[in-house]
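The values are calculated or read from the model by the stated rules, or taken from the named source; none is laboratory data. Just so you know, these numbers come straight off a predicted model, no measurement behind them. Neighbour counts run over all protein chains shown; Cβ positions are idealised from the backbone, glycine included. The accessibility values were calculated without ligands, DNA or RNA, using every heavy atom of the protein model including side chains. Shrake-Rupley method; radii C 1.70, N 1.55, O 1.52, S 1.80 Å.
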Amino acid sequence: MKIYVAQNSGFCFGVKRALRKTFEAVKQKNRKIFTYGPLIHNDQVINKLKESGVNSVETIDDAKDSTLIIRSHGIPLDIYDKAKLNNIEIIDATCPFVRRVQEIAKEYYNNGYKIVIVGNPKHPEVIGINGWCDNTAYIIEEYNQINKIDTTQKMCVVAQTTITLEKWNSIVNELSKKVKELREFNTICLATKDRQEACAEIAKKVDLMIVIGGYHSSNTQKLFEISKNYCNNSIHIETADELPIELLDKCEKVGITAGASTPDWIINDVVKKIENKGGD
Ligand code: SF4
């Protein structure tokens, strides 16, 4: 049985950076350290952080007089001011790719454009971006939602960094038919695009495709969607323990990919489990 691990799998640049900043803070700080929401969508990593004394808070009020780590997804602009008022020291691990989207939203909003964010309205990154244009953006997940918005104004459209290119294209094509003055910024992160392409390539040629990552991780869910498009026999697991070993029985080729918040040690555990079953 041959094992193929997708080239671009596991931690992305933004997640690595956020974790590095957090563990550096643990070494240096005497104050209590919190993260604003779970640092990444991976329970195993979150448990390790808890063991180091780093817990997450949902509101700024719970982090008074402490150090607060802003995760790679970023936060709405007004939270920075609220933090100051509450004597909170901010360590900002907003991914630079997300910061670019926030800056575009702010700049074009200030110049009179209506901001459109293509993405999931419940995702913290999207909530954060919306907070850089006074929470006035239209948030669109499917192209048919365009019928419900006022397209007579000038608009600037940006993407949640982890959406698929297909989604972006379908929505922007539809918008450009209706909006007279449209500025488009395809802000899909390259790490996401590379990961999705590598996933599709492997899924096309294997008998079983294993997608590893947190069940709440949106980029992992998207990898799973892509994987199912090319390989009917695709599964999504969080850890090696969840891999149903009997699935390997009739497989000659097994593919593995992992979301941006999946640490290497979990990927290696899955590979080892398959190797123990004769994988190579
Ligand atoms: S997926 Fe891209 S934008 Fe998101 S944290 Fe990773 S590198 Fe940054």
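If you filter region 196-267 for trypsin sites (Lys or Arg not before Pro), then keep DSSP loop positions with at most 13 other Cβ within 10 Å, what is left? Provide the component values of the computation, followed by the final result.
Working: sites: 204, 205, 222, 228, 250, 253; in loops: 250.
Those that pass, being in a loop and sparsely packed, are 250.
For each pair in 204/253; 32/64; 16/205, compute the distance between the two Cα atoms and list the pairs where it is over 19 Å.
Result: 16/205 exceed 19 Å.
Starting with the highest mean, order 165-177, 258-270 by the number of other Cβ atoms within 10 Å, averaged over the residues of each peptide. Spell out each step's value before the answer.
Numbers: 165-177: 15.8, 258-270: 22.0.
Per-residue mean Cβ counts within 10 Å order the peptides as 258-270, 165-177.
How much accessible surface does residue 246 have with a 1.4 Å probe, in Å² rounded to 10?
110 Å²
Dividing the convex hull volume of the alpha carbon atoms of region 97-188 by its residue count, what do you get in Å³ per residue?
78 Å³
Calculate the FRET efficiency for residue 166 and residue 23 from the Cβ-Cβ distance with a Förster distance of 45 Å, rounded to the nearest 0.05. Please report the intermediate quantities before stating the final value.
Values: r = 37 Å, r/R0 = 0.81.
Between residue 166 and residue 23 the formula returns 0.80.
Using the Kirkwood radius over Cα pairs, work out the Stokes-Einstein diffusion coefficient for region 13-95 at 25 °C and 0.890 mPa s, in µm²/s as a whole number.
Here the translational diffusion coefficient equals 196 µm²/s.
In square angstrom, what is the accessible area per residue of the chain with a 1.4 angstrom probe?
On the way: 13600 Å² over 280 residues.
For the chain, the solvent-accessible area averages 49 Å² per residue.
At a Förster distance of 45 Å, what's the computed FRET efficiency of residue 280 paired with residue 107, Cβ-Cβ distance as r, to 0.05? Working shown, then result.
Values: r = 52 Å, r/R0 = 1.16.
Computed FRET efficiency for residue 280 and residue 107: 0.30.
Farthest toward the dipole's positive end in region 1-76, which of 3, 66, 35, given Cβ charges of +1 (Lys, Arg) and -1 (Asp, Glu) about the Cα centre?
Of 3, 66, 35, it is 3.
Report ³J(HN,Hα) in whole Hz for each residue of region 210-220, in order, from the Karplus equation J = 6.51 cos²θ - 1.76 cosθ + 1.60 where θ = phi - 60°; Gly and Pro get x.
Along region 210-220, the couplings run 10, 9, 10, x, x, 5, 8, 7, 5, 5, 5 Hz.
Could you tell me the relative contact order of region 97-149? Use alpha-carbon pairs under 8 Å, at least six residues apart, and round to a whole percent.
Dividing the mean separation by the residue count of region 97-149 yields 37 percent.
Could you derive backbone 3J(HN,Hα) for region 50-67 from the dihedral phi with the Karplus parameters 6.51, -1.76 and 1.60 (θ = phi - 60°), listing whole Hz in sequence and x where the residue is Gly or Pro?
Karplus-based 3J(HN,Hα) across region 50-67 equals 4, 4, 8, x, 9, 10, 9, 10, 9, 10, 5, 4, 7, 10, 3, 6, 10, 9 Hz.
Please report the orientation-averaged projected area of the chain, defined via the convex hull of its C-alpha atoms, in nm².
15.5 nm²
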